[in-house]
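Asker: Okay, handing you the structure first.
The values are calculated or read from the model by the stated rules, or taken from the named source; none is laboratory data. Remember, predicted model here, so these are calculated numbers, not experimental data. Please note: Cβ atoms are built from the backbone with ideal geometry, for glycine as well, and neighbour counts cover all protein chains shown. Accessible surface areas use protein heavy atoms only, side chains included; no ligands, DNA or RNA. Shrake-Rupley method; radii C 1.70, N 1.55, O 1.52, S 1.80 Å.
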Amino acid sequence: ARVRLVVEGVSRFRVLRSKQEEPFRIAEVQQLQDADAPGEDDVQVRALTHSIKEKMMEMLRSSGQDNSKQQSFQWPSSPTALAGLAGYSLAPLSLEERQRLLEAESVRARLELALDLLQREAEAKRMSSEISSSIQKARELELRQVVMQRQIQEVQRDLQRVRSRASRDASDGSAEGEAATGDEEDEAEDEAARLAERLQKAGLPEEADRVAKRELKRLKSLQPHHPEYTSAHSYLELLASLPWSVSSEDRFDLRQARALLDEDHKGLEKVKVRLLEFLAVQKMRGDMKGPILCLHGPPGIGKTSLGRSVARAMGRKFHRLALGGVRDEAEIRGHRRTYIGSMCGSIIQAFQTAGTNNPVILLDEVDKMAQNSMFNPQATLLEVLDPEQNGSFKDHYLNTPFDLSKALFVCTANDSSLIDRPLLDRMEVVELAGYTLEEKVAITESHLLPKQLRLHALQPEHQAEAPAHASAADEAADAPMDAPADAHAKLALTQEAVRALITKWTSESGVRSLERHLAQLCRWASLRLQGASPVLDQRAAPHEVARAAEREAALAACGPDGRGVVTVDASHLPYIMGPEIFEPDLAERL
């Protein structure tokens, strides 16, 4: 059984001589009296007594004692007993500190020592409480972060399951869809590492590499659900996909380049010579900056297709930018990244699509860019088309210099008067006149007619379009007038019919109207091959019936013949195309 013994001290004493140690200690002692017994008017003792009482009540309140116990507490009447009570109530005191409190001779000294011990213990308790509160808050915050992170992971798993299910439904459970889902999950885990590897392989210049490293470090510190994560990821994807150091090898075989240009286009000798001159100088120098060519001429003469032929002859990638109707400078130079939905401009997109830093970029319809007092996108092209400035072109979205000087820019325009004079001064204008009759005939036989025959199922699909050389066109000119353009085609036009169609039903510098009339001929041939003919109304007038009979009699010679080929001559065109629209120039002069 436990025995609890409570001993109350009566007075202080000093041991003079020990008389017995066993079985209990006996000694000769001297009772000690306070050296300076305080009087009732001792202000310092009263102040120390009041301070000790307040400090002890404060400790009682901090320990959680209720008010009833605090009010029922009986204070000792003497200051000496109060000092002893203070020493007794301080449990953390060491034996040496308690001994010091007992050995103090004066009451004032004991009260000061007791108050100092009480203040030190109160400060220790306060600091302990603050440390505990801080630790508790840190634990709660850490626990909250862990809980939220687990919730985010659960949401991401649910999203992946939903996407996987949608992908499987879209692909009807195919193995390709499952593999793509697995690839997406793997890609989401190491996206930052994949971007870092792509940026390292991209060969970025020093300034762009510094920007990429800063954005990559920022991306790693963001959570995937953060609003700025998508923006930083898209920006790094753009940096990694641009052809900073990727160039296509130029083809310097001038004879082959000339053959390719002749193969794709008839005439246009001035443009061909200018391109061959550029290739010759590039072959000799090796690092010549690309010129800025502006093909100026009427619509339909092949300015746009000529740009594609230039890229084919040089062995470069080709990209076309349609500038007609562009009114905002941001469409060319890009939006700043501070805007929601910002993206790079069309110039940087062209290089990204081409995949090389030296493509042929066709700026189509540069004269049709909208401009007013607020918008002037043509001014944005001043830096793009200036060989002295475009080596450090800075897109607003990219915000780091990109070299455009290796690219060959080709512009097209119908009216040079609509182009700003400073912009026109940066371009080398090449005038393109309209096609001659002989050139239109050659274009019809080598390109336009075979194209329309395939579109209207009048020629087998396996026959690839193979534009003829100039020598082949000359041989075709010497062929018999009634020879079909293609032995396997279901529609044959004589050269007289082609010439008549060009001179009497079209009057343009290009060949667009001619192509539309050829499509009309092909539709008529398809209707005739199906054995259908226009049916007149029974209530038609007699002259209409007679005209229809005359038309059928005139077109009877067209066929189809035993091979199933419909042949059209010049005499048949008025019954198919309608009355002649234009008179030939020779007839007007006569």
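Asker: So what does Phe375 come to for accessible area, using a 1.4 Å probe and Å² rounded to 10?
Answerer: Its heavy atoms expose roughly 50 Å² to the probe.
Asker: Along the positive direction of the dipole of the range 310-461 (beta-carbon charges: Lys, Arg +1; Asp, Glu -1; about the Cα centre), which of Ala370, Ser417, Met314 reaches farthest?
Answerer: Result: Met314.
Asker: Now, a different point. Using R₀ = 41 Å, calculate the FRET efficiency as 1/(1 + (r/R₀)^6) where r is the Cβ-Cβ separation of Ala193 and Lys270; round to 0.05.
Answerer: After rounding to 0.05, the efficiency reads 0.15.
Asker: Using R₀ = 22 Å, calculate the FRET efficiency as 1/(1 + (r/R₀)^6) where r is the Cβ-Cβ separation of Val6 and Ser62; round to 0.05. Don't skip to the end; give the middle numbers.
Answerer: On the way: r = 25 Å, r/R0 = 1.15.
It comes out at approximately 0.30.
Asker: Further question: If one computes P(r) from the Cα atoms of the range 373-454, what percent of pairs lie at distances over 21 Å?
Answerer: 53
Asker: Sorted by mean Cβ packing within 10 Å, highest first, what order do the peptides 306-313, 143-150, 216-223 take? Walk me through the numbers on the way to the answer.
Answerer: Values: 306-313: 22.4, 143-150: 10.1, 216-223: 13.8.
Highest-to-lowest ranking by the protection proxy: 306-313, 216-223, 143-150.
Asker: Run the quick spin-label model on Leu95 and Phe582: label points 7 Å from Cα toward the beta carbon, then report their separation in nm to one decimal.
Answerer: Distance between label points: 12.5 nm.
Asker: Per residue of the range 421-430, in order, report the coupling 6.51 cos²θ - 1.76 cosθ + 1.60 (Karplus, θ = phi - 60°) as ³J(HN,Hα) in whole Hz, putting x for Gly and Pro.
Answerer: 4, x, 6, 5, 5, 8, 10, 9, 7, 10
Asker: Could you give the length gained on full extension between Thr353 and Glu154, defined as 0.36 nm per residue of separation minus the Cα-Cα distance, in nm?
Answerer: 67.9 nm
Asker: Take the Cα atoms of the range 309-419, find their three principal axes, and give me the spread along each one in whole Å, biggest first.
Answerer: Projected onto the principal axes, the Cα atoms of the range 309-419 cover 40, 34, 26 Å.
Asker: Report the label-to-label distance for Gln74 and Glu508 in nanometres (one decimal), using points 7 Å from each Cα along the Cα→Cβ vector.
Answerer: Distance between the two pseudo-spin positions: 12.1 nm.
Asker: Checking the cross-link filter: which lysines have an alpha carbon closer than 20 Å to that of Lys504, excluding same-chain neighbours under 8 positions apart?
Answerer: Lys440
Asker: So how much slack lies between Ala379 and Arg163, counting 0.36 nm per residue of separation and subtracting their Cα-Cα distance, in nm?
Answerer: Length difference between fully extended and current span is 73.2 nm.
Asker: Give, in nm to one decimal, the length gained when the segment between Glu54 and Glu237 is fully stretched (0.36 nm per residue of separation minus the Cα-Cα distance).
Answerer: The span from Glu54 to Glu237 would gain 58.9 nm if fully extended.
Asker: Whose amide H sits under 5 Å from the amide H of Met369, counting only residues 5 or more places off or on another chain, with H placed in the peptide plane?
Answerer: Gly325
Asker: Hey, with R₀ at 56 Å, roughly what FRET efficiency would Val43 and Leu141 work out to, going by the Cβ-Cβ distance, to 0.05?
Answerer: 0.65
Asker: What percentages, rounded to whole numbers, describe P(r) for the range 259-331 computed over all alpha carbon pairs with 10 Å bin width beginning at zero?
Answerer: Reading upward from the zero bin: 15, 46, 29, 10, 0.
Asker: So how compact is the range 210-366: Cα radius of gyration and Dmax in angstrom?
Answerer: Both quantities, over Cα of the range 210-366: 19.6, 61 Å.
Asker: What does the net charge come to around Glu228 if you take all other residues with beta carbon closer than 11 Å to its beta carbon, with K and R at +1 and D and E at -1?
Answerer: Summing Lys and Arg as +1 and Asp and Glu as -1 gives +1.
Asker: Let me ask something else. At 7 Å along the Cα-to-beta-carbon direction for both Ala548 and Gln200, put a label point, then send me their distance in nm to one decimal.
Answerer: With each label point 7 Å from Cα toward Cβ, the separation is 8.0 nm.
Asker: Check Leu295: other-chain or 5+ apart residues with amide H under 5 Å from its amide H, H built from backbone geometry?
Answerer: Placed amide hydrogens put Cys411, Thr412, Ala413, Val430 under 5 Å from Leu295.
Asker: So what J values fall out for the range 391-398 if you push phi through Karplus, 6.51 cos²θ - 1.76 cosθ + 1.60 with θ = phi - 60°, rounded to Hz, Gly and Pro as x?
Answerer: Result, rounded to whole Hz: x, 9, 5, 10, 6, 4, 6, 5.
Asker: In addition: Which whole-Hz couplings ³J(HN,Hα) result when phi for each residue of the range 232-239 is put into the Karplus expression 6.51 cos²θ - 1.76 cosθ + 1.60, θ = phi - 60°, listed in order with x for Gly and Pro?
Answerer: Using θ = phi - 60°, the values come out as 5, 5, 5, 5, 5, 4, 5, 4 Hz.
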